[in-house]
Structures are given as C-alpha cells and as structure tokens.
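J.: Pasting a structure here, questions to come.
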Amino acid sequence: MKFNTKTIHGGQQHDVAYGSVMPPIYQTTTYAQSTPGNHKGYEYSRTHNPTRHALEQSFASLEDGNYGLAFGSGIAAIDAVLKLLKPGDEVISTNDLYGGTYRLFTKIYENFGIKFHFIGMRNIDNIESFISAKTKLIWVETPTNPMMNIIDIKAVSDVSKKHNLLLAVDNTFATPYLQQPLNLGADIVMHSATKYLGGHSDVVMGGLVVRDKSLADRLYFIQNASGAICGPQDAFLVLRGIKTLHVRMQRHCENGRAVAEFLQSHSKIKNVYWPGFESHPNHEIAKSQMKDFGGMVSFTTKESNFDEAIKIVENLKIFTLAESLGGVESLAGHPASMTHASIPKDEREKTGVVDSLIRLSVGIEDKADLIADLKQAIG
Ligand code: P1T
C-alpha cells in the first residue's frame, strides 16, 4: 500500500458490530468477561482500548513499522523510551532539540542516575568519541527544533548498530510523509502527534513505532505499567487528522518554501534556517532522506536583538503567537522565551537559539496572505 493510501486505510478495519467506516470511540474503562479471563481481547482501558488500538495500528503502518503505541503526550512517549534504561546508563543526544525533551532528560532522568551527552551530530565521528560501555541509547531529532539542523539517520544508525545501541528518532518535524526513520535503520520512531499527525491543534498526544517484537513488548509493558496512555476521544481525533496528513504536508512544504524564500530575500533578515536551501549545511542529506523540506522555518533579523524579535511576533496578524506547531494554522514562536526557555541561555546560544530567533510553523493558508503578513510585521 502506498503512503497516501496508508494515511486513510493503514492498519484500519471497519467496525465489526455495524461496519462503521470510522472506528467507534470506545469510551469505556472496562469490558465484560463471561468467566474470569474470558473476554474479547480487552480487559481494562489502560492496557488496551479498541479506538487507541486502531490509532496504534495506523502509527505503525505510516512508519513502516510492526508495532505502534500511543501516549498522552509526546513527552510521555519519550518518557516511556527512557524507562528502558537503568541508573548508570548513558545517552547520546542531539544538542539542538525541543526544550521539553532537554528538561525531561536533565531535570528528571539525571536525578535517576542516567547521564546525557548533548552533542552536535552533523559530524558523525563526533558520536563515536562519546560512546562507552555505559552507552545504551542515541537520541536524534531531525530536523531539529528550532535550528532545522539535519542529522544523517542512516549514518547514525551505522554507528548505533556497530556498538549495539538503540537509536530513537524524534520524527515530529518531518512526519512519516517526509521521512521514515525505521527504513533508515532507527529502532524507535517517536512523535509528538500533537503536531502534524493530529494536524488541527486540538489534541495533545504522543506515539512510538518499532519493528522488533521484544522491544515492543518492553514498551507495551512500560505503557501499561506507567499508565501515560491517551483517551479514546483523542485517539479518534488523531486518526481523523492522519487521514489528511499527506495532503496537508504537501501544502505545508509548498508554503514553507515560499516563506523561506521570501525571508531570505528580505533586506532586514540575517539568517533563515530551512533545509531546502542549497546553502544549508546538510541540504544534501535532507534531500536524500526527506521527500521535501517541511513547513518549519526559523530566522533572525539583522538587528539581532530581543526587542526587535518580540516586536515582529507581536505585529503578526495571520500567524498566531503561540507555542506548538504542525496545525493547519500558521504559528510564530520566540524559542528563547517560549519553547526553549528551559534550556540555560549559554547552552541554547551555543546551538544558535539566540534572543533574536523567531520560529514559524507555516500553515496551509494562502501563501500570499502569509507573506503579506510577514512583510507588514517585519516592516
Ligand atoms: O508537547 P508534546 O506532545 O508533549 O511533545 C513534545 C515534543 C517532542 N518533540 C518535539 C520535536 C516537539 O516539538 C515537542 C513539542 N514541541 C512544542 C510544543 C513546540 O512548540 O516546539
């Protein structure tokens, strides 16, 4: 089945009771048993729920995996991956990543004796120098949030396989429409389904997809034992969102390109971070591992100061100043004071998250309106 068909049908079956085309929302905590242990496959909704199951099958299908898991948020999905580890284990992570992921790693899991190395992964040799007998997991975000760095998933997976490590890729920015990390050698794909998969800024949700049965069993155990599952109503909404993922992504990519090119040509703009430019340091890798370049664009102004950036985001009228990304509507954010405020200033500035950086989630409105809005806001 091709990807554009999978978004609609992947892993889905018509409801057995009445043939409903969309999966029913099984708003139930528990399921009748005729004798103890004799049930129809469902016992208790933390463990399994048919609506969540339909979504998990869809996640697995989209990522070309065998097993999908849905969680109450993207962070809950990351949390489940980290619970595979033990005190003393070490993780090598990209140094430019969502602030909440960094916060989970450093403020929660460091307290449990797990050590994190945050490193630049554009140069693959850099990774090997941090690997020791204690290393268990490599955590990659690509494109990174918010600097739009591209990490070569296949090259990192060669390293992780050589050293028998797990490789997890946060595929939130790209979505499986643009890139499928399992096909490039990753062991775990993670999503904040809050973003493009849900697509309508109305659900907070996370997902994981794997191929290996024993890894899936360990993650299902954690999902049930720790309990950070999503509800059936939210599972339904994300399933509905996924049905238009491919169509929305085409427009996000088209509009993202138009916005990036407009900003690049503007006399007041200093740097535009978007992997579609030939001048992007990893453009060739982006071209080979992604189908297109996505709808996320970050930029700085020549004024290069906090006040100028704040003035621009406040002036915007169609772009809404808000956290999050990946919905049909365009959003603008100021990472230093919003999504990445939990990263110490000196740490974030090392990776380029300076006070003048603005991040855009380019939506699927008419691109002429988006460009006109940016034009009036930048002045
Ligand atoms: O918000 P939540 O669904 O828990 O997902 C966390 C998360 C994980 N990974 C990436 C790459 C993300 O961007 C996020 C959430 N990001 C934002 C809310 C944001 O505005 O960047």
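J.: Please find, within the range 192-202, the residue that is nearest to T244 (Cα to Cα) out of those that are open to solvent by 10 Å² or more (accessible area, probe 1.4 Å) and near the ligand (Cβ under 9 Å from one of its atoms).
T.: First pass over the range 192-202, keeping only residues open to solvent by 10 Å² or more (accessible area, probe 1.4 Å): 192, 194-195, 200-202.
Still in the running and near the ligand (Cβ under 9 Å from one of its atoms): 192, 194-195.
On the way: S192: 17, T194: 15, K195: 13 Å.
So the residue we want is K195.
J.: Check off (1) within 13 Å of the ligand (Cβ to nearest atom); (2) surrounded by 21 or more Cβ atoms within 10 Å (Cβ to Cβ) for S160 and give me the number that stays unchecked.
T.: Looking at each condition in turn, S160 falls short on (1).
J.: What residue, among those in the range 173-190 that are in contact with a helix residue (DSSP H, G or I) (Cβ under 7 Å, 6 or more places away or on another chain), open to solvent by 10 Å² or more (accessible area, probe 1.4 Å) and farther than 20 Å from N123 by Cα, is nearest to the ligand (Cβ to nearest atom)?
T.: In this case the residue turns out to be Y177.
J.: Related question: May I ask you to verify whether L237 is surrounded by 18 or more Cβ atoms within 10 Å (Cβ to Cβ) and within 17 Å of the chain's Cα centre (by Cα)? Break it down stepwise before answering.
T.: Working: surrounded by 18 or more Cβ atoms within 10 Å (Cβ to Cβ): yes; within 17 Å of the chain's Cα centre (by Cα): no.
No: the conditions fail for L237.
J.: Filter the range 46-64 for residues that are open to solvent by less than 20 Å² (accessible area, probe 1.4 Å), in a loop (DSSP other than H, G, I, E, B) and more than 16 Å from the ligand (Cβ to nearest atom) and give the result.
T.: Across the range 46-64, the qualifying residue is only N49.
J.: May I ask you to list the residues in the range 296-334 that are closer than 16 Å to K367 by Cα and out of contact with any Lys or Arg (no Cβ under 8 Å at 6 or more places or on another chain)?
T.: Across the range 296-334, the qualifying residues are L316, K317, I318, F319, T320, E329, S330, L331.
J.: For the range 6-16, state whether one or more residues are buried (at least 18 other Cβ atoms within 10 Å of the Cβ) and not in a loop (DSSP other than H, G, I, E, B).
T.: yes
J.: Ok, one more. Select, from P36, P23, the only residue that is assigned to a loop (DSSP other than H, G, I, E, B) and crowded, with 18+ Cβ neighbours inside 10 Å. Before the answer, list the steps.
T.: Values: P36 fails: crowded, with 18+ Cβ neighbours inside 10 Å.
Of P36, P23, the one residue that is assigned to a loop (DSSP other than H, G, I, E, B) and crowded, with 18+ Cβ neighbours inside 10 Å is P23.
J.: So which helices (runs of 4 or more DSSP H) are wholly in the range 275-379 and hold at least 3 residues that are of a type outside the set (D, E), away from the ligand (no atom under 16 Å from the Cβ) and open to solvent by less than 10 Å² (accessible area, probe 1.4 Å)? Give the steps one after another, and end with the answer.
T.: Values: elements: 283-289, 306-315, 345-350, 367-378.
In the range 275-379, 367-378 are the helices (runs of 4 or more DSSP H) which contain 3 or more residues that are of a type outside the set (D, E), away from the ligand (no atom under 16 Å from the Cβ) and open to solvent by less than 10 Å² (accessible area, probe 1.4 Å).
J.: Identify all residues within the range 66-96 that are of a type in the set (A, V, I, L, M) and either within 16 Å of the ligand (Cβ to nearest atom) or surrounded by fewer than 22 Cβ atoms within 10 Å (Cβ to Cβ) (or both); write none if there are none. Don't jump to the end; show me each part of the working.
T.: Filtering the range 66-96 for residues of a type in the set (A, V, I, L, M) gives 69-70, 75-78, 80-82, 84-85, 91-92.
Within the range 66-96, L69, A70, I75, A76, A77, I78, A80, V81, L82, L84, L85, V91 qualify.
The values are calculated or read from the model by the stated rules, or taken from the named source; none is laboratory data. None of the values given here were measured: they were computed from a predicted structure. All Cβ positions, even for glycine, are placed from backbone atoms using ideal geometry, and neighbour counts span all protein chains on display. When the accessible area is computed, the model is the full protein with side chains, heavy atoms only, and any ligands, DNA or RNA have been set aside. Shrake-Rupley method; radii C 1.70, N 1.55, O 1.52, S 1.80 Å.
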